[in-house]
Amino acid sequence: MKTKGELIAACIKLMFDNDTNILDPENISDDPEYASRTANIIESINRAFNEVAKAEQLPRKRLVIDTDTEYEEQDDYYTRYNLDNLVGDVYRVNNISYQDNYGRYYANVGIRLEGENILVLRTLTAGKYIVTYSPMLTERLTYDMPDNYEIQTIAEDILDIVPYFVKGDLYEEDNADTALMAINRFHSYLANRPRVTNTQSKVKTVYTQY
């Protein structure tokens, strides 16, 4: 896993490619020689992470809902679940499936949302729903984190291109053309990076039941 210090060092190398000094990723944040360069990098890195989340390139997560799951409102037909209370980091619901108590699996249950956080599903009497979702960004870097802090939620290949966003973000006023090229490279990579998708060779339709 890439560390905070390694990512900062990579940003500095890309933004100041004429710098021949050896950078120490373990102590880069405390190096006074680079203080003016690192002053705004953490905020810019976090803005890059936000773009990664909006592109739905964070690892997808799942939520299992069964008869014991806390709900907001319930009747004989429908149950409303507050996703903020259950998990708190849902950016987009990608898929809902249902598995009954006999192990039978139904891959596609209709997604119904009220507002941004209330999920409406047919009331369960048995079995469970499996909700797959793209998460919001929950991991942000701070200046007081040690440089050996390992970044957990962003894939290694995406971290490799984050310096291009930082360069474009911080060069916007000083060199607009260079900044635009760097930002475009970052977004182009995100747009063309494969996403994890839910695929089935056989799907049993259950819209009339769930």
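The values are calculated or read from the model by the stated rules, or taken from the named source; none is laboratory data. In this text the structure is predicted, and so the values were computed from the model without any measurement. Here Cβ is always computed from backbone atoms with ideal geometry, including for glycine, and neighbour counts include all displayed protein chains.
Points to keep in mind about this one:
- Out of S97, S44, one residue alone is modelled with pLDDT of 95 or more and assigned to a helix (DSSP H, G or I). It is S44.
- Single condition I96 does not satisfy, out of (1) in contact (Cβ under 8 Å) with a residue 40 or more places away in the chain; (2) more than 30 Å from G5 (Cα to Cα); (3) crowded, with 19+ Cβ neighbours inside 10 Å: (1)
- Qualifying residue in the range 176-197 (condition: part of a helix (DSSP H, G or I), out of contact with any Leu (no Cβ under 9 Å at 6 or more places or on another chain), in contact (Cβ under 8 Å) with a residue 40 or more places away in the chain and of a type in the set (F, W, Y)): yes
- Residue selected from the range 125-166 under the condition part of a loop (DSSP other than H, G, I, E, B) and polar (S, T, N, Q), by the criterion nearest to N192 (Cα to Cα): T153
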